[in-house]
Every structure is written in C-alpha cells, then in structure tokens.
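Written below as structure tokens is the structure these notes are about.
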Amino acid sequence: MKKLTVFLALVSAMIVSLSFVSEAQTMNNEQSLNARQQSIVTIAAFTASGDMENLAPALSGGLNAGLTVNEIKEVLVQLYAYAGFPRSLNALNAYMSVLKERQARGIKDVVGREASPLPTNKSLIELGTEIQTRLIKGPVTGEVYTFAPVIDQFLKSHLFGDIFGRDTLDFQSREIATIAALASLKGVNAQLRSHFRVGMNTGLTEAQMNSLVSVLKSKVGKLEADNAAEVLNKVLSNQ
C-alpha cells in the first residue's frame, strides 16, 4: 500500500509538472512570433532595404521554417506597394536563384496553395473598402484623400482589393511583412505607426510586436530595431 501511495504521488507530480510545462510553452507562444512569422520579418526587411546579400539566406530560412514557396512569393509581391517595383523584382529574382539552388541540392520545397479567385459579386473598390475598414476598424478619412482622391481609390481598389484580397497570406502575415518593411525604410514612421495599430487589430499582441522588434534587432539591424521600438512605444502609450 505504501509503495502504491508513493507511486501515485509520483504520477500526480509528473502530471502537474507536465501541465506547468505545457502552460509555459503556450504562454511563450503567445509572447513571441513563431518561426514562420520571424522569417517573414527578415524577408520583408531585407527586401525593403534592397539587401540582397542577406535576403538569400533569409529566403532559405523561411522555407526551412515552413513557409511555402507561394507564401514567400506573395510577401515579395506585396512589398512592391511599399518599397517599389525595383526592390520587389530584385527580391523575386533572388528568390528564383535560391529555389534553383535548393532544387539542385535535392531539396523539395512545398509549393503551397494558389490564391482563391476574388469575389465576383463586388467591385475591387468595394472589396478593398471592406477589407480596409475591417483592418482599420472604421472608415478611413484624411485631408490627403480630399486633396488627391485618386490615391484613396488606388489604396482601396488595388492595395486592399487586389493585394490584401488574395488569401495566399492571412492579414496578420501581411501586416508583419508591412511593419518589417516600413521599419527598414527611412521617413515613413507615420505609416509604420499606423501599421503597428493595424497589426494589433489583426490580433497580434503587444508581446508579439515586441518580438518583431527583437527579430529586427538580432537579425536585421540596431538602427531599424531602435526606430521601430520607439514608434511602437508611442503607439502603446496612446492606447
């Protein structure tokens, strides 16, 4: 009986211990970006800055972390809206070289799903307005849109309709890419501030945002990370 009691006590202790480990792992997952998300940060940052030397290993790292070929392709295509066609095209060319090199080494990367067809029961501007309003959590207004209404049309119909309307990536992944890209560009802190807010609207936590900044610091650069941290702190202090 005594041995049975001791055995049951040990089993109980093991269950409690495993419970604490599981809870700690869950908390840790909630407090940091996962490996796939961290890879999006580095890929987007190096694409935006035009750092091809560091982009190549970041692309391979993303594939190794579980991003599909099409998911990474989607990140690189989206970033033309923020960093311009030249940077996006350079990144896509670098990506093709990485894929060819991996294929030559016998690595079979998962291609992943293609984007679903866009809805046919609404126009692109209707779809984009719907997505933009959902992400911003309200209608978007501003003097600049009155001054140049066409930029509002382009944002709604093209950026949020054509691009964000593609479901190859979820909105969180798109915002992680956008934030990392903006953090790597100079003179766009107003937009970076807005996208930190949008990122949190998609469900990214404060801890995950801080994790994004940590990835920038450890894998991209101190200047980019320090600037992103300053902007993020201002956003958080105004909540």
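Residues in the stretch 161-191 that are surrounded by 24 or more Cβ atoms within 10 Å (Cβ to Cβ), of a type outside the set (Lys, Arg) and not in a loop (DSSP other than H, G, I, E, B): Gly161, Glu175, Ile176, Ala177, Thr178, Ile179, Ala180, Ala181, Leu182, Ala183.
The listed residues are Ala44, Ala91, and the only one of them that is modelled with pLDDT of 95 or more, under 21 Å from Lys217 (Cβ atoms) and either crowded, with 20+ Cβ neighbours inside 10 Å or in contact with a strand residue (DSSP E or B) (Cβ under 8 Å, 6 or more places away or on another chain) (or both) turns out to be Ala44.
If you go through the stretch 60-74 one residue at a time, do you hit one that is surrounded by fewer than 16 Cβ atoms within 10 Å (Cβ to Cβ) and of a type in the set (Asp, Glu)? Checked the stretch 60-74: no residue is surrounded by fewer than 16 Cβ atoms within 10 Å (Cβ to Cβ) and of a type in the set (Asp, Glu).
Applying the set (1) at pLDDT 95 or above; (2) farther than 28 Å from Glu224 by Cα to Gly187 leaves exactly one unmet item: (2).
Restricting attention to the stretch 200-231, the residues that are of a type in the set (Ser, Thr, Tyr) and either out of contact with any Asp or Glu (no Cβ under 8 Å at 6 or more places or on another chain) or in a helix (DSSP H, G or I) (or both) add up to 3. Cβ-Cβ distances below 7 Å connect the following pairs, each with a first residue in the stretch 82-103 that is in contact (Cβ under 8 Å) with a residue 24 or more places away in the chain and under 18 Å from Ala183 (Cα atoms), a second residue that is of a type in the set (Phe, Trp, Tyr) and assigned to a helix (DSSP H, G or I), and a separation of six or more residues or different chains: Ser88/Tyr80. Of everything in the stretch 149-167 that is of a type outside the set (A, V, I, L, M, F, W, C) and without any contact (Cβ under 8 Å) to a residue 24 or more places away in the chain, the residue that is nearest to Thr178 (Cα to Cα) is Asp152.
Just checking, which of Val140, Val110 is surrounded by 12 or more Cβ atoms within 10 Å (Cβ to Cβ), at pLDDT below 95 and assigned to a loop (DSSP other than H, G, I, E, B)? Result of the check over Val140, Val110: Val140. Here Glu130 clears all of (1) surrounded by fewer than 17 Cβ atoms within 10 Å (Cβ to Cβ); (2) in contact with an Asp or Glu (Cβ under 7 Å, 6 or more places away or on another chain) except the condition numbered (2).
Within the stretch 85-121, the set of residues being among the acidic types (Asp, Glu) and under 20 Å from the mean Cα position of the chain (by Cα) comprises Glu114 only. Output yes when any residue across the stretch 144-152 is among the aromatic types (Phe, Trp, Tyr) and under 20 Å from Ser88 (Cβ atoms), and no when none is. Taking every residue of the stretch 144-152 in turn, none turns out to be among the aromatic types (Phe, Trp, Tyr) and under 20 Å from Ser88 (Cβ atoms). Go through the residues of the stretch 17-36 one by one and say whether even a single one is under 25 Å from Thr205 (Cβ atoms), at pLDDT 95 or above, outside any helix (DSSP H, G or I) and hydrophobic (A, V, I, L, M, F, W, C). Within the stretch 17-36, one or more residues are under 25 Å from Thr205 (Cβ atoms), at pLDDT 95 or above, outside any helix (DSSP H, G or I) and hydrophobic (A, V, I, L, M, F, W, C). For the stretch 185-239, the set of residues classified as at positive phi and hydrophobic (A, V, I, L, M, F, W, C) is empty.
The values are calculated or read from the model by the stated rules, or taken from the named source; none is laboratory data. The structure displayed is predicted, hence computed values, not measured ones. Positions of Cβ are generated from backbone atoms using ideal geometry, with glycine treated the same way; all protein chains shown enter the neighbour counts.
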